[in-house]
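A short write-up of the structure that comes next.
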Amino acid sequence: MTCHPARIEAITPLTERIAEFQLSHASGEAWPAFEAGSHIRVTLPDGDTRAYSLIRFTHDTPGYRIAVQLEPEGQGGSRFMHDLKVGSDVSVTEAKNDFPLKSGAPAVLLAGGIGVTPLISMAAALDAAGSPFEFHYAGRSAGFMAYRDALAERFGGRFHLHLDDDASALDLAGLIAGMASDVHLYVCGPRGMIEAAKAQAEAAGVASERIHFELFESAQPQEGDSSFEVEVASSGEVFTVPPGKSIIEVLEEGGVDVMYDCQRGDCGICQVDVLEGIPDHRDVVLSEAERASGKVMQICVSRAKSPRLKLDI
């Protein structure tokens, strides 16, 4: 993916832990237009990258603007961003969209915490197109929620703030059960919110093609993780996947070419068939029926409950 030199033009604190960054192209040229739901990737000093959704409150606002929540227990991406100053140079990719809007369809937008960022651009696009929508934004308390006042002002009665610490707490089951049959649901936030929304939608009979989501966190190792083996069916090669490493990482180090994108377990591109063994599913892509079948898995985040997995690679 092509990277471009960028410069931090402005930094605006939004909450105690969240800051907004406005980026200009270092050459002075304009950034290409982007669709609602798009993200860019920022290169870290070690060469790794982090994805951040692009924000705009009106559909035709130019430029790249992102918001980053500081994660003290994270892997360093948010710390790098929060250490930047106005005038700092960074390298970023052009916008890419893995979370597109369904054109012309009414929508319910559901954000949890910093997952609000891509949904702001979606709301702006829906507003510009004259498409009906509701925007629900849930969090622990008002002080943790970026853009809450700006969103209320911009979208009026279509915007709903839900706080865990008062009577406005989100009624997820009621929200999804009340959706009309042509409404699409877009969810971005922590893993727990996405899994709960998917379960409620499944229980309410909402068709899977009307449910769209983007996970706003990377998978973390879990207590008790242990090593397991992966057999590549096409070659018979066997690789050991230790705790703290993904199947994708180990296979790539061993010279196996695999397809993937998000590495968070929410895009489905790395899905493979399981020929033998029992997967330990840690994605948010598969339905409960698919998980129970054990026939497919997302190799970017999922692991094994059995000593070995044989995968159709």
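Among the residues of the range 66-90, the ones that are among the basic types (Lys, Arg) and touching a Lys or Arg at 6+ places or on another chain (Cβ under 7 Å) come to 0 in all. Meeting the requirement of 2 or more residues that are farther than 22 Å from residue 267 by Cα and among the hydrophobic types (A, V, I, L, M, F, W, C), the strands (runs of 3 or more DSSP E) wholly within the range 1-103 are 3-13, 18-25.
Of all residues in the range 69-105, those that are open to solvent by less than 10 Å² (accessible area, probe 1.4 Å) and under 25 Å from residue 148 (Cα atoms) total 3.
Close Cβ contacts (under 6 Å, 6 or more residues apart or on different chains) running from residues in the range 125-140 that are over 16 Å from residue 58 (Cα atoms) to residues that are at pLDDT below 95 and part of a loop (DSSP other than H, G, I, E, B) comprise 138/170; 139/145; 140/164. Residues in the range 225-241 that are in a loop (DSSP other than H, G, I, E, B) and open to solvent by less than 50 Å² (accessible area, probe 1.4 Å): 225, 233, 236.
Taking the range 211-224, which residues are buried (at least 16 other Cβ atoms within 10 Å of the Cβ) and either among the acidic types (Asp, Glu) or in contact (Cβ under 8 Å) with a residue 60 or more places away in the chain (or both)?
Scanning the range 211-224 gives 212, 213, 214, 215, 216, 217, 218, 219.
Among the residues making up the range 284-313, a single one is touching a residue at least 40 places away in the same chain (Cβ under 8 Å), aliphatic (A, V, I, L, M) and over 17 Å from residue 228 (Cβ atoms): 284.
Would you confirm, using the coordinates I've provided, whether residue 47 is free of Cβ contacts under 8 Å to residues at least 40 places away in the same chain and closer than 19 Å to residue 7 by Cα?
For residue 47, the condition - free of Cβ contacts under 8 Å to residues at least 40 places away in the same chain and closer than 19 Å to residue 7 by Cα - is met.
Would you call residue 108 open to solvent by less than 50 Å² (accessible area, probe 1.4 Å), touching a Leu at 6+ places or on another chain (Cβ under 9 Å), more than 21 Å from residue 67 (Cβ to Cβ) and assigned to a loop (DSSP other than H, G, I, E, B)?
Judged against the criteria, residue 108 is not a match.
The range 242-313 holds strands (runs of 3 or more DSSP E) entirely within its bounds, and those carrying 2 or more residues that are open to solvent by 40 Å² or more (accessible area, probe 1.4 Å) map to 271-276, 308-311.
The values are calculated or read from the model by the stated rules, or taken from the named source; none is laboratory data. Every value quoted in this text rests on a predicted model; they were computed, and no experiment measured them. All Cβ positions, glycine included, derive from the backbone under ideal geometry; neighbour counts span all protein chains shown. Just the protein is used for accessible areas: all its heavy atoms, side chains included, with ligands, DNA and RNA removed. Shrake-Rupley method; radii C 1.70, N 1.55, O 1.52, S 1.80 Å.
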